[in-house]
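Here is the structure we will look at, set down as structure tokens.
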Amino acid sequence: MSNRVPITEYHQFSPEVVDTVGEMYERIDRYDSYSDLLKSTGAHTTKTLLPGKYYPTETQIADIRPNDHDSEEALVVHLPMANPLDENMRYHLASLAIAHQDKRVIATANPSGPRRKFDALSRPRRTQLANGDFRVASEGLAYFLDSEGITRTYEYGYSYGVDKALGSVALDATEVQKVLLLEPASLTERSIGKLGIAFMSTDKAMEGYVEASGLPTYEAARKNAIGPAAYAIGLGRLTN
């Protein structure tokens, strides 16, 4: 028996939004496993860009390309703090790719747990970041977009990803078509301890949302993603 909860129980969305989400849900629900979903959209692989002349840090990128898309345009997704490109985040990217089948979807990993140090910043860049200059957090991404000939972007950020999205926009590397920002984390000043507590409480609520989706593939992707211990280590990285 499905535990799916209609989105209208969370908010009175317009009929157009309800229909769009319903169609997206049906497409995702057709897959027997989350690995099939990732493979069908191209979200199962990532590429690593090594630091050098153009990339200031080792950068891991997910780059989902539909068969028919504008090669100069992309939807750029900025992930929450300490979130790597694990199964959970790539499931989100695959879902966005299904919802926007004419858009290339691109995201970079954030510094996270063991063996996931991608985009960790040097001390001078961390100082810039601490002073509110989030452009340094998106430099590797900007170089990648330029190397791929992408000139127009739609920027989406959630939580810490809001600050990264704004930093990306401030770099002025592309013509930004639209920006979507959800629940910025930096509106309230928090210590590392309070930040960890806030994130853990959010994760607990998220489990209820995952169950309410009624998608076994989503639950499986979450179970195979990094756990709380690895996430806590990620929060302790100096870049974060």
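Where a number appears in this text, it was derived from the coordinates with a stated rule and is not lab data. Computed from a predicted model, the values in this text were never measured in an experiment. For neighbour counting, all protein chains shown are included, and Cβ atoms are generated from backbone atoms with ideal geometry for every residue, glycine included.
Note on the chain: helix-only mean residue ellipticity at 222 nm, from DSSP H runs of 4+ residues weighted -39500 (n - 2.57) and normalised by residue number, equals -13000 deg cm²/dmol. Projecting label points 7 angstrom from Cα along Cα→Cβ for Ala220 and Gln128 puts them 4.3 nm apart.
Please count, across the chain, the pairs of lysine residues with Cα atoms under 24 Å apart that sit 8 or more places apart or on different chains. Summing the qualifying lysine pairs gives 18.
Candidates Ala109, Tyr34, Gly52 compared by Cα position along the dipole of the stretch 1-110: farthest toward the positive end lies Gly52, with charges placed on Cβ. Listing Glu207, Glu219 from fewest to most neighbouring C-beta atoms within 10 Å gives Glu207, Glu219.
Amide H contacts of Tyr154 (H built 1.01 Å from N, in plane; Pro and chain starts excluded): Ala74, Leu75, Val76, Gln177 sit under 5 Å, all sequence-distant by 5 or more or on other chains.
From Cα pairs below 8 angstrom and at least 6 apart in sequence, can you work out the relative contact order of the chain, rounded to a whole percent? List each step's numbers first, then the result.
Working: 400 pairs, mean separation 56.8, N = 240.
Result for the chain is 24 percent.
Projecting label points 7 angstrom from Cα along Cα→Cβ for Gln12 and Glu207 puts them 3.3 nm apart. Within the chain, which is the longest segment containing none of the chymotrypsin sites (Phe, Trp or Tyr not before Pro) that sit in a DSSP loop and have at most 16 other Cβ atoms within 10 Å? Segment 55-240 is the longest. Simple point charges give the picture: +1 on the Cβ of Lys and Arg, -1 on the Cβ of Asp and Glu, and for the chain a dipole about the Cα centre of about 1140 debye. Site pair Val176 and Tyr25 shows an inter-label distance of 3.2 nm when each label is modelled 7 Å from Cα along Cα→Cβ. In the chain, the DSSP beta bridges split such that about 30 percent are antiparallel, to the nearest 5.
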